[in-house]
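The values are calculated or read from the model by the stated rules, or taken from the named source; none is laboratory data. The structure displayed is predicted, hence computed values, not measured ones. As a convention, Cβ positions derive from the backbone with ideal geometry for all residues, glycine included, and neighbour counts pool all protein chains shown.
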Amino acid sequence: MSTAPFITPLESSRTDAPSGLRIGGDWTLPHYASLEAEVLALRGTLNSAASIDLQDLGALDTAGAALLVELLGSQRLAQLANDAPGLASERRALLQAVGNAIADAGDAQPAKRIPAWREFFGQIGQAVEELWQQGVALLGFIGMTLAAMFALLLRPGRWRITSLVAHLQQSGLNAVPIVALLTFLVGAVVAFLGATVLADFGASIYTVDLVAFSFLREFGVLLTAILMAGRTASAFTAQIGSMKANEEIDAIRTLGLSPMELLVLPRVFALLIALPILTFIAMLSGILGGAVVCALSLDISPAMYLAMLQENIALKHFVVGMAKAPVFAFLIAVIGCLEGFKVTGSAQSVGERTTSSVVQSIFVVIVLDALAALFLMEMGW
């Protein structure tokens, strides 16, 4: 049964301040508002010699204990809790715990204000350090993947064909529609813009060369790799990350199996096969989109379009574009799997690592493509 809390001052004949307090009843959260007003009124009137009687104290929770600390102080309340003869042990422990916590919070030093320029450069240094650590981890994981690949190639009995085919369908076959549609539309846009700009110089006929050159060397493989980075790398990270969070990877190791052979290599081989095929489809779709625009806007027939392609576009442009595809495929698959293994065990970590894998994959693909384009142009290839 609930008992109303009370604070009874003990009268003093010498001063206006009470000679002590008699505290009782239930000091709990439902009575917090009424007790707080009494505590604020009496807090400044007590002296250190005032006696405190806690024998009638009933139910007590952290809200009531915090009010007692505010009224009496943490040190004095801890002393009273130890000396009070009729106080239950659980109430004594609660009073001491709340008093110590409030005392520690009061003793904590305020954080020093860091100048804005130091914080700015500190964040830059932290970002550079994280980038370096990610690069080191990626290089190490690439080495582990290559070692496992060469070891597995020498033992055909350990090839996991079923897993390879399943990932090939998921990352390759299911991506054909979106890759074909996107590159077709981009090819049409490039052809339309090229025709619009080149018409001012009387060179609209070179729109065919522009579309073919850009898609065979750059757009075909780059757009496909970016799509795979957003679609496949995130899927690899989410799949492996969920297994890591559910401790399935630990179970695989316990069974004596290698997560590298079981989880990583089938995904890497599948993307190594799928991305060059998708790149070829992207090249054809982009050139087809350009052909449609040329036929509708420039009155260039499909036969003339194909004849100009055969006459003006060398085979080396196609080879350059296709040569980039396996490199991009390997890096996308490795980054996606590595970020999956970095998951710590929570759903939030899975989301963070999935986002990180997409960002890293797209960044690496664009940087390598830019470096390759500059190098190949300088070499005249």
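So that you can scan it fast, the table gives a plain yes or no per residue for (1) at pLDDT 85 or above; (2) closer than 30 Å to Ile273 by Cβ:
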site: Gly122; (1), (2): yes, no
site: Gly125; (1), (2): yes, no
site: Val128; (1), (2): yes, no
site: Gly157; (1), (2): no, yes
site: Leu168; (1), (2): yes, yes
site: Ser171; (1), (2): yes, yes
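Every residue in the stretch 336-381 that is of a type in the set (Asp, Glu) and surrounded by fewer than 12 Cβ atoms within 10 Å (Cβ to Cβ), please. Write out each step before concluding.
Within the stretch 336-381, the first condition is being of a type in the set (Asp, Glu), and the residues that meet it are 339, 352, 369, 378.
The one that is of a type in the set (Asp, Glu) and surrounded by fewer than 12 Cβ atoms within 10 Å (Cβ to Cβ): Glu378.
Tally time: how many residues in the stretch 357-381 are assigned to a helix (DSSP H, G or I), free of Cβ contacts under 8 Å to residues at least 60 places away in the same chain and of a type in the set (Gly, Ala, Ser)? Counting residues in the stretch 357-381 that are assigned to a helix (DSSP H, G or I), free of Cβ contacts under 8 Å to residues at least 60 places away in the same chain and of a type in the set (Gly, Ala, Ser) gives 2. Since Val69 meets every condition but one in (1) part of a helix (DSSP H, G or I); (2) at pLDDT below 75, which condition does it not meet? Val69 satisfies all of (1) part of a helix (DSSP H, G or I); (2) at pLDDT below 75 except (2). Evaluated against (1) modelled with pLDDT under 70; (2) out of contact with any Asp or Glu (no Cβ under 8 Å at 6 or more places or on another chain); (3) surrounded by fewer than 17 Cβ atoms within 10 Å (Cβ to Cβ), Ala97 falls short on exactly one condition, (1).
Checking each residue in the stretch 186-241 for being among the charged types (D, E, K, R) and farther than 24 Å from Val293 by Cα picks out only Arg231. Among the residues of the stretch 289-308, those that are surrounded by fewer than 18 Cβ atoms within 10 Å (Cβ to Cβ) and within 22 Å of Ala180 (Cβ to Cβ) comprise Val292, Ala295, Leu296, Ser297, Pro302, Leu306. Do we find that Val176 is more than 27 Å from the chain's Cα centre (by Cα) and more than 30 Å from Ser214 (Cα to Cα) in this structure? In short, no.
Within the stretch 349-380, which residues are among the acidic types (Asp, Glu) and over 19 Å from the mean Cα position of the chain (by Cα)?
The initial filter retains those residues of the stretch 349-380 that are among the acidic types (Asp, Glu), namely 352, 369, 378.
Result: Asp369, Glu378.
Taking residues in the stretch 261-272 that are within 17 Å of Gly157 (Cα to Cα), and partners anywhere that are among the charged types (D, E, K, R), the pairs with Cβ atoms closer than 6 Å and at least 6 places apart or on different chains are Pro266/Arg160.
For the stretch 223-240, the condition of being among the basic types (Lys, Arg) and surrounded by fewer than 21 Cβ atoms within 10 Å (Cβ to Cβ) holds for at least one residue.
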